[in-house]
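Notes follow the structure.
The values are calculated or read from the model by the stated rules, or taken from the named source; none is laboratory data. Keep in mind the model is a prediction, meaning the values are calculated, not measured. Cβ atoms come from the backbone with ideal geometry, glycine included; neighbour counts cover every protein chain shown. To get the accessible areas, we keep the full protein, side chains included, count just its heavy atoms, and leave off ligands, DNA and RNA. Shrake-Rupley method; radii C 1.70, N 1.55, O 1.52, S 1.80 Å.
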Amino acid sequence: MENKLSVFEQRLKNNIRNCRLGDILPGKLTRGYLKSMTDVSGIEFLLADRDGRVLYATGSLFEVDAVDVKANPGEVLTLQDKRMGHLYIRNCETTEPISGMSAKEAILVDFTASIKELDNAKRQFVHTVAGVLEELASQTYFQYEAMQYIAQNENTAMRMYNLEKEDGLTGVFNKTYFENRLKVIERAQVVPVAVLVVNINDWKFANEHFGDDESDRLIQIVGGILRSEAKEEYVIGRVDGDVFHVLIPMTEDDEAEAYAHAVQEKCNTYEDAKLAPSIAIGIQYKINIEEKLEDKFSDAEYEMFENKFEMKNAAGYAERLKHGL
């Protein structure tokens, strides 16, 4: 077991040489995170690849396509002990464009000057931003390499890794891993984030009338529908027997409602000889960085129960539920 795990660890160290930060970091989440940090702190950020190619920049003071990372490395981001990127700042509350210098020349001297302008709290803030970016990149890289390794090596060690991350019945994240992803999004202070609580309607009916195998299959069907209608950045977890939670970071207007409608419609039109999948959904939003994602679940659960009451009392629901008897 130890030897097999060390092979994967060596793979992570070797393959990082061929990866670029822009390919690892989730673009939408990274852009939203850096913009939020600028809005909160008054500090503009520029993120460059290890070769100096600019990936993301906030504000108007950064107007370059590349920086000289050897002359001015800025805040260095590392992954697997390898230099992957460089984070630069300007304190846009006090910094003006430097007279007589091009934007590219100015950035070479500006990082050190901008850091010196900051008080200790804001310096720590910049280090924290860099740390969050490193953690996001690390998780994405690890997950990608794990998937590739599993495809090439069907071994016990990596199957155990999957079991630690995924719910064995549905393939969505298990409760522990979902909560870990929630904490990452929380630390990144991304807003807005949609919080969805999903519950299978009358799962107990299926269990009592058709048995454990069929009621498990009902959970599988719902989990598959939730995954099939989700975008790549959606975080879906099975947190209890027939309960799923979904997070949509940097959600667009009406995106969560459209997703909820799509999965409910697909459940309601699913054809099966015995089962009649149906789900109730409650939605809440974190729109302020001071709010806690965990606090949104109770309100979303309340809305879910209201939705459940409406659905179970709708015309034709009872007939569809009992069609397999």
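Count of segment 213-236 residues, restricted to those that are open to solvent by 20 Å² or more (accessible area, probe 1.4 Å), within 21 Å of Glu255 (Cβ to Cβ) and part of a helix (DSSP H, G or I), is 3. Scoring Tyr149 on the criteria (1) at pLDDT 90 or above; (2) open to solvent by less than 20 Å² (accessible area, probe 1.4 Å); (3) among the aromatic types (Phe, Trp, Tyr) leaves a single failure, condition (1).
Return the only residue of Gly42, Gly22, Gly32 being touching a strand residue (DSSP E or B) at 6+ places or on another chain (Cβ under 8 Å), modelled with pLDDT under 90 and either open to solvent by less than 50 Å² (accessible area, probe 1.4 Å) or not acidic (Asp, Glu) (or both). Lay out the reasoning, then the answer.
Details: Gly22 fails: modelled with pLDDT under 90; Gly32 fails: modelled with pLDDT under 90.
None of the other options fit; the residue is Gly42.
The residues of segment 23-34 that are over 19 Å from Gly131 (Cβ atoms) and not acidic (Asp, Glu), listed by number, are Gly27, Lys28. Just one residue in the set Arg181, Arg187 is at pLDDT 85 or above, closer than 23 Å to Met84 by Cβ, of a type in the set (Lys, Arg) and open to solvent by less than 60 Å² (accessible area, probe 1.4 Å); that residue is Arg181. From the list Glu319, Glu294, Glu306, the one residue that fits, being at pLDDT below 95, part of a helix (DSSP H, G or I) and surrounded by fewer than 16 Cβ atoms within 10 Å (Cβ to Cβ), is Glu294. One residue stands out among those in segment 162-178 that are open to solvent by less than 30 Å² (accessible area, probe 1.4 Å) and part of a helix (DSSP H, G or I): the one that is farthest from Leu293 (Cα to Cα), which is Lys165. Checked against (1) in a loop (DSSP other than H, G, I, E, B); (2) open to solvent by 30 Å² or more (accessible area, probe 1.4 Å), Ala276 meets all criteria but (2). In the set (1) closer than 30 Å to Gln148 by Cβ; (2) without any contact (Cβ under 8 Å) to a residue 60 or more places away in the chain; (3) part of a helix (DSSP H, G or I), Leu29 fails one condition alone, (2).
Within segment 275-290, track down each residue that is modelled with pLDDT of 95 or more and among the charged types (D, E, K, R). Residue satisfying the conditions is Lys286 alone. The set of residues from segment 116-138 being modelled with pLDDT of 90 or more and more than 14 Å from Met37 (Cβ to Cβ) comprises Glu134, Glu135, Ala137, Ser138. Evaluate the following for Asn3: is it part of a helix (DSSP H, G or I), farther than 23 Å from Ser138 by Cβ and modelled with pLDDT under 90? Against the criterion (part of a helix (DSSP H, G or I), farther than 23 Å from Ser138 by Cβ and modelled with pLDDT under 90), Asn3 qualifies.
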